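What follows is a single structure, written as structure tokens, with notes after it.
The values are calculated or read from the model by the stated rules, or taken from the named source; none is laboratory data. Just so you know, these numbers come straight off a predicted model, no measurement behind them. FYI the Cβ positions are ideal-geometry reconstructions off the backbone, even for glycines, and counts take in every protein chain you see.
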Amino acid sequence: MTPKAVRGYDYRAVKLVMRAVLVTAFGGFIAVKLYDVLAQHYTFRWGLVWHQLPAFNEGLIITLEASGIGMLLGVVLGLIVALMRLSPFALFRDMGTLYVQTLRNIPSLIFIIFMYFGISRALLPRGANVGFMDNRLFWGSLALGLFEASFISEIFRAGIQSISKTQMEASRSMGMSYWQAMRYVILPQAFRIITPPMTGELIALVKESALLLVISLPELTWTAKDLGHQRPLQFEFYTILAAYYLAITVPISIISHLLEHRFNVHRRRA
Amino acid sequence: MITIQDVHKWFGKLHVLKGIDLKVTEGEVLVLIGASGSGKSTLLRCINGLERVQQGQVSVAGIDIQTSKTNLNRARQQIGIVFQQFNLFLHMTVLKNIMISPLKVKKVAQQEAKETALKLLQRIGIPEKANVYPDQLSGGQQQRVAIARALAMQPQVMLFDEPTSALDPEMIKEVLDLMRELAEENMTMVVVTHEMGFAREVADRIAFMDDGVIVELGKPQQFFENPQHKRTQQFIQRVLQA
């Protein structure tokens, strides 16, 4: 009974497919042209790099581990810091602010170096074996999580503050405690709002894990660099490296997009 | 049921409540009237502890609301409040809005909470909206859900803070009718409103507030036909002209 709507829907789908084809064709064209230009100076030896993929896969696992732990720590600590910054107690607020302003204003590269070469060594008793203190994955993920928590906390804070204060009042008026109101009313609404910026930050975290090569953690970027030292195939190695990062970050974007869509099915107003 | 004694409230330097004394007995409907800024909403919010007073006492059902020793979360279970802007939880269905507090605060069983909620929806006349989200309801329907949500906690007292002020004229009646029913069931109610018809018809007593004090308190008939205080006389005159 609604041919117009059906036709309208089909038309949108067709348009989407056409756009995808166009973009792919255009992008592909540019890439091929660029490749031809480079090929005049450089001989691509893709055949030689394929059997290095196992090394990349090992690097991938470490990148995933470092990013995963970093995300977990960043999100949990970020939420705690955000709640501190919104606390009615001035002392908590100040401590939260101190954390955010310190961590956010140190270059992340320097913070990683400081954690691994500074803190881990300083914690070591005089004359003791390096042992556990040399666990690069531990210190790397810790550094990643700690400084990302400062950014993530700001995302949480903005999200929570964007929920009208009257939602908290209504919850408290029905006898909910502050924490119950946060858990059942404020945070679920805030999570919807922060999904897009949070995705951006988590993708940034994955990309920043590449910095961990400075502490010789054998993650993806370190692997590509190391292989490049052994064989003069940098272009090929770094192309593969970029593809590996895309393989991590694009799915995160897609999941975020799906989540957003799911939230919006029933809730049109944010 | 509600006793308010010598309550003073300051917002910074602004003295908004200047010594309020008021008693509301069980089953009574008290309507608070007054110009904007006269302190009536603030007074209402002091009754469930959303506002803290700097001086004086408020007690509801024998519980002292304004001392720090009181467990406000528990006290508030006895006091339902309905806001001007409904304040429904936008991420929950109508049913969930009504169930959430009985479930999480009173720890009622899921099945029981659901049955109560469905009964309340039946009562407010929109059982078919159980699984709809608040933004798909009209303002009048949202406010009725807000009332149902408050009733789900089985409070002893219901507070209404200008419940019809944010509604389109054609939806005001459905909300007032529901409140009228509550009054007939002997619910103790304190209602801040500009609906003079409702006040005249439903109120047991009317309190007129001006500049942080209750200047007149009495039965509706006396209040409308024979107001004693000068401010009340001016107010009534203006309202009746409009």
(message) Here is a check on your reading of the model: is A:Ala31 on the phi < 0 side of the Ramachandran plot, free of Cβ contacts under 8 Å to residues at least 60 places away in the same chain, in a helix (DSSP H, G or I) and not charged (D, E, K, R)?
(response) yes
(message) Test of understanding: among A:Val206, A:Val214, A:Val185, which residue is surrounded by fewer than 18 Cβ atoms within 10 Å (Cβ to Cβ) and β-branched (Val, Ile, Thr)?
(response) A:Val214
(request) Check A:Ile252, A:Ile203, A:Ile193 and return the single one that is within 14 Å of chain B (Cβ to nearest Cβ), in a helix (DSSP H, G or I) and of a type outside the set (Gly, Ala, Ser). (result) A:Ile193
(message) Being more than 14 Å from every other protein chain (Cβ to nearest Cβ) and not polar (S, T, N, Q) narrows it down to one residue among B:Glu185, B:Glu162; which is it?
(response) B:Glu185
(message) Go through the stretch A:223-243 and report how many residues are surrounded by 13 or more Cβ atoms within 10 Å (Cβ to Cβ) and outside any helix (DSSP H, G or I).
(response) 2
(message) Name the single residue that is surrounded by the most Cβ atoms within 10 Å (Cβ to Cβ) among those in the stretch B:43-72 being touching a residue at least 60 places away in the same chain (Cβ under 8 Å) and under 19 Å from B:Asp161 (Cα atoms).
(response) B:Leu43
(request) Return yes when B:Leu137 is of a type outside the set (Val, Ile, Thr), touching a Lys or Arg at 6+ places or on another chain (Cβ under 9 Å) and within 28 Å of A:Asn264 (Cβ to Cβ) and no when it is not. (result) yes
(request) Just need a number here: residues in the stretch A:222-246 that are free of Cβ contacts under 8 Å to residues at least 24 places away in the same chain and either of a type in the set (A, V, I, L, M) or in contact with a helix residue (DSSP H, G or I) (Cβ under 7 Å, 6 or more places away or on another chain) (or both). (result) 7
(request) Scan the stretch A:168-190 residue by residue and report those that are in contact with a helix residue (DSSP H, G or I) (Cβ under 7 Å, 6 or more places away or on another chain) and within 14 Å of B:Ile81 (Cβ to Cβ). (result) A:Met168, A:Ser171, A:Arg172, A:Ser173, A:Met174, A:Gly175, A:Met176
(request) Just give me the residues in the stretch B:59-78 being aliphatic (A, V, I, L, M) and more than 9 Å from every other protein chain (Cβ to nearest Cβ), in sequence order. (result) B:Val60, B:Ala61, B:Ile63, B:Ile65
(message) I'd like to verify a number: residues in the stretch B:84-104 that are more than 9 Å from chain A (Cβ to nearest Cβ), buried (at least 21 other Cβ atoms within 10 Å of the Cβ) and within 18 Å of the chain's Cα centre (by Cα), how many?
(response) 1
(message) Going through B:Ile81, B:Ile124 one at a time, which residue ends up being in contact with a Leu (Cβ under 7 Å, 6 or more places away or on another chain), surrounded by 20 or more Cβ atoms within 10 Å (Cβ to Cβ) and within 9 Å of chain A (Cβ to nearest Cβ)?
(response) B:Ile81
(message) Show me the strands (runs of 3 or more DSSP E) entirely contained within the stretch B:1-62 in which 1 or more residues are in contact with a helix residue (DSSP H, G or I) (Cβ under 8 Å, 6 or more places away or on another chain) and on the phi > 0 side of the Ramachandran plot.
(response) B:29-34
(request) For B:Lys114, indicate whether it is more than 9 Å from every other protein chain (Cβ to nearest Cβ) and more than 30 Å from B:Val31 (Cα to Cα). (result) yes
(message) Regarding the stretch B:82-89, can at least one residue be identified that is in contact (Cβ under 8 Å) with a residue 60 or more places away in the chain, closer than 15 Å to B:Pro155 by Cα and touching a Ser or Thr at 6+ places or on another chain (Cβ under 8 Å)?
(response) no
(message) Being modelled with pLDDT under 95, in contact with a helix residue (DSSP H, G or I) (Cβ under 9 Å, 6 or more places away or on another chain) and part of a helix (DSSP H, G or I) is true for just one of A:Leu64, A:Leu38. Which residue is that?
(response) A:Leu38
(request) From (1) surrounded by 21 or more Cβ atoms within 10 Å (Cβ to Cβ); (2) within 14 Å of chain A (Cβ to nearest Cβ); (3) closer than 30 Å to B:Thr3 by Cβ, pick out the condition that doesn't hold for B:Pro134. (result) (3)
(request) Taking the options B:Phe223, B:Phe208, name whichever one is buried (at least 21 other Cβ atoms within 10 Å of the Cβ), more than 30 Å from B:Ile100 (Cα to Cα) and at pLDDT 90 or above. (result) B:Phe208
